[in-house]
Amino acid sequence: MGFHTFDPEKAEKLEDAERYRYVSREELVSSLNLSGEETVADLGSGTGFYTDDVAPFAGKLFAIDVQDAMHEHYRAKGVPENVSLVTADVADVPFSDGELDAVFSTMTFHEFAGDEQLSEVARALKPGGRFVVADWTAEGRGESGPPVDERYDLEAARDLLETAGFEIEYESERPETFLLVASI
């Protein structure tokens with residue numbers, strides 16, 4: 001796929017509440033099914049828009065982004081006390097085997113999804129751990145988000161997750177996005 005990164009010069013776009021049109025805080029938090037004590041990672045956290053939404057429901061949350069410039073934007077707006085910023089590629093996350101209870105990716109799966117990256121996510125999740133993916137679908141019209149040819153559709157995303165050893169618990173394809181909830 002695209003394997004591009006979001007331009008930090010456009011970071012202010014990541015703070016637009018219009019993003020809730022595609023995935024809401026309620027949908028994300030509900031899909032993660034957190035009790036408040038879990039260790040969670042946000043892959044492609046950017047400016048922390050969705051990280052901030054999940055933080056009150058997690059014990060510890062790692063905001064992972066490959067670009068330190070995105071973390072600089074996050075620091076400028078303020079980082080919750082239980083959030084740690086981590087600059088890393090998804091293929092090389094700094095976690096022990098089974099260290100994470102849950103992982104989520106909002107509108108970034110198309111930027112990193114590949115066998116090596118998803119195997120790394122599976123390795124870092126504890127048995128039964130959840131991986132929630134909300135991303136732009138290749139079936140969409142491209143009214144927002146990346147070009148349609150840089151996106152996965154639900155079926156391709158599901159196949160990538162299953163190949164990495166995930167079991168799909170829930171899936172939904174919507175007009176511009178899909179949602180997958182998987183466990184390891």
Which percent of the accessible heavy-atom area of the chain goes to carbon and sulfur, probe 1.4 angstrom?
45 percent
Cβ under 12 Å from ALA55's Cβ, ALA55 left aside: what net charge do those residues give with Lys, Arg +1 and Asp, Glu -1?
-3
Let me check against my output: what whole-number percent is the relative contact order of the stretch 60-184, with C-alpha pairs under 8 Å and at least 6 apart?
22 percent
The stretch 32-59 scanned against label point 7 Å out from GLU99 along Cα→C-beta; backbone N under 13 Å for 39-42
Around GLY114, which amide H atoms from residues at least 5 apart in sequence, or from another chain, sit under 5 Å from its own amide H, with H modelled in the peptide plane?
none
For the chain, just say rounded, prolate or oblate: build the C-alpha gyration tensor, square-root its eigenvalues into a ≥ b ≥ c, call rounded for a/c under 1.5, and beyond that prolate if a/b exceeds b/c, oblate if not.
rounded
Would you please classify the overall shape of the stretch 63-104 from the alpha carbon gyration tensor, given that a ≥ b ≥ c denote the square roots of the eigenvalues, rounded means a/c under 1.5, and beyond that prolate means a/b larger than b/c while oblate covers the rest?
oblate
Subtracting the Cα-Cα distance from 0.36 nm times the residue separation, let me have the gained length for ASP153 to ASN33 in nm, one decimal.
40.8 nm
How large is the accessible surface per residue of the stretch 112-184, computed with a 1.4 Å probe and reported in Å² as a whole number?
43 Å²
Within the stretch 79-152, which GluC sites (Glu not before Pro) sit in a loop by DSSP and count at most 13 neighbouring Cβ atoms inside 10 Å?
GLU81, GLU143
Alpha-carbon centroids, the stretch 12-52 and the stretch 147-184: separation in whole Å
17 Å
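The values are calculated or read from the model by the stated rules, or taken from the named source; none is laboratory data. Note that this is a predicted model, so its numbers are computed, not measured. Using ideal geometry, Cβ is built from the backbone for each residue, glycine included, and neighbour counts are taken over all protein chains shown. Quick note on the areas: whole protein, heavy atoms, side chains included, nothing else; ligands and nucleic acids left out. Shrake-Rupley method; radii C 1.70, N 1.55, O 1.52, S 1.80 Å.
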